[in-house]
Structures are given as structure tokens and as C-alpha cells.
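Taking it in order: structure first as C-alpha cells, then the write-up.
No lab work stands behind these numbers, since they all come straight from the coordinates. None of these values were measured; they are calculated from a predicted model. When we count neighbours, we look across all protein chains shown, and the Cβ atoms used for this are built from the backbone with ideal geometry, even at glycine.
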Amino acid sequence: MLTSPSTFYRGAALIMAADLAATPVSGFNVQLCGDAHLLNFGVFASPERQMLFDLNDFDETLPGPWEWDVKRLAASFEVAGRDLGFAPSDRRDIVMAGVHSYRDAMRRAADMSASRLGTST
């Protein structure tokens, strides 16, 4: 993990979980990815030949506060931006765009019916 800050971050899910355990949460627990960072996402083809953007690594999944995955993902944008030499203002814009995109996607999902989300009732 001494190779780069990004490499360390990718291997530090347990350390971050310990840090996040002391932070405030909403009380809504979900099944977390557990290691939500920039490189654990990718594009996949669905059986219907649709391209989907989603998580691709669940080896550290666990129940926990939904905020932890969002915070870990947002922090990974910052760490990657530093590692790549991005200016502080650019890193902030990237992190904010990421969390705003998450918020907007969750708002859209909240307005959908269960059948639209692909679940059966």
C-alpha cells in the first residue's frame, strides 16, 4: 500500500469503517458494498444488451449505514484527484458532482414504483 495514496485507500476499507463508526448516521442501514471507491465501479451489459454502470466488487459487503458507502466513494474522488495532481478547486468540484449525482439519482429512484425499480411486489 506504499505505492500511492490511492493504492493505500483501496486497501483501507476496514480503517475507514473504524473511523466512520464514530460519525453521525441517519439510522437507515443497508447492505453496504463495504469498499465503495472509484475503481470498484464499472460498466456492464445487461441480458437485454443495455449498458449499466454499477459496483463490481462485493468482497467486503456488510450491513451498515448507507452514508458509509457514499462517504467512502466521495473520499476516493478526493484521493484520486490528489494522486493525479488535480488542483484543490477541481477536486472539490469532482467530489461535489459525485455526491450531487448520487443525491439526484436517489431522488429519481424515490419517485419510481416498485415495478419500475425491477422488484416484484
The helix 66-83 Cα axis meets the longest alpha-carbon principal axis of the chain at an angle in degrees, between 0 and 90 and rounded to 10, of 40 degrees
Which of the chymotrypsin sites (Phe, Trp or Tyr not before Pro) found in segment 1-97 are in a DSSP loop and have at most 10 neighbouring Cβ atoms, other than their own, within 10 Å?
-> PHE28
Only helices counted: for the chain, with every DSSP H run of 4 or more residues adding -39500 (n - 2.57) and the sum spread over all residues, [θ] at 222 nm is -14500 deg cm²/dmol
Return one number: the angle in degrees, 0 to 90 and rounded to the nearest 10, between the long axis of the Cα atoms of helix 88-110 and the longest principal axis of the Cα atoms of the chain.
-> 20 degrees
Which GluC sites (Glu not before Pro) does segment 50-114 hold that lie in a coil by DSSP with at most 15 other beta carbons within 10 Å?
-> GLU60
Net charge dipole size for the chain [Lys, Arg +1 and Asp, Glu -1 on Cβ; Debye, nearest 20] = 260 debye
If one computes P(r) from the Cα atoms of segment 33-121, what percent of pairs lie at distances over 16 Å?
-> 65 percent
Given 16 as the ceiling on other Cβ atoms within 10 Å, longest exposed-site-free region of the chain for trypsin sites (Lys or Arg not before Pro) in DSSP loops = 50-115
